[in-house]
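Reading through the structure tokens given below for one structure.
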């Protein structure tokens, strides 16, 4: 299983597999401890039962994480191929699940260039305006204002916008990867990295 990092295409699939494996292992360890105590002492009142009970905490956390990831919707191969053909020199981040207190928003792809944040989602149930407001609020808390935030649900319209943003990037000679690489730990995050930090 090839490792995928946050923002990579296939990240959600990778994290889901990891969460399933971790949950199964935690559950098996917890059950093995419990039944070992039961076999040895013929009673539930043993140190093994106490350790097994404590093992339920990481197992439960892992199970909740697994369920959240199973419900997440990553970018499809078809959409990924279309985006890659149209992105030019733009930096595209994939497979976000942007979290908020009220709900989670499935964002399949995003790019940030020159005060423009452009996202694509195939999730038809998403409340677009709420998600745009949430992103605006999160980046404003880090000192970024006057950003245009647009979320598309149509892949062709998203790709058209990518081509427009690529022209803007080319005309202004912006290197988005260089901007991310130049970030120094301890300083204000870039808008693109804020999107990642507010995602699962």
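Any read-out appearing in this document is the output of simple, stated calculations on the displayed coordinates, not a laboratory observation. Just so it is clear, the model here is predicted, and its values are computed rather than measured. Counting neighbours? That spans all protein chains shown, and the Cβs are built from the backbone with ideal geometry, glycine included.
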Original post:
From the list 165, 200, which residue is under 17 Å from residue 84 (Cα atoms), touching a residue at least 12 places away in the same chain (Cβ under 8 Å) and in contact with a strand residue (DSSP E or B) (Cβ under 9 Å, 6 or more places away or on another chain)?
Top reply: 165
Original post:
Which one of 155, 135 is crowded, with 19+ Cβ neighbours inside 10 Å and farther than 20 Å from residue 194 by Cα?
Top reply: 155
**OP:** Just one of (1) touching a strand residue (DSSP E or B) at 6+ places or on another chain (Cβ under 7 Å); (2) not in a helix (DSSP H, G or I) trips up residue 145, so point out which.
**Re:** (1)
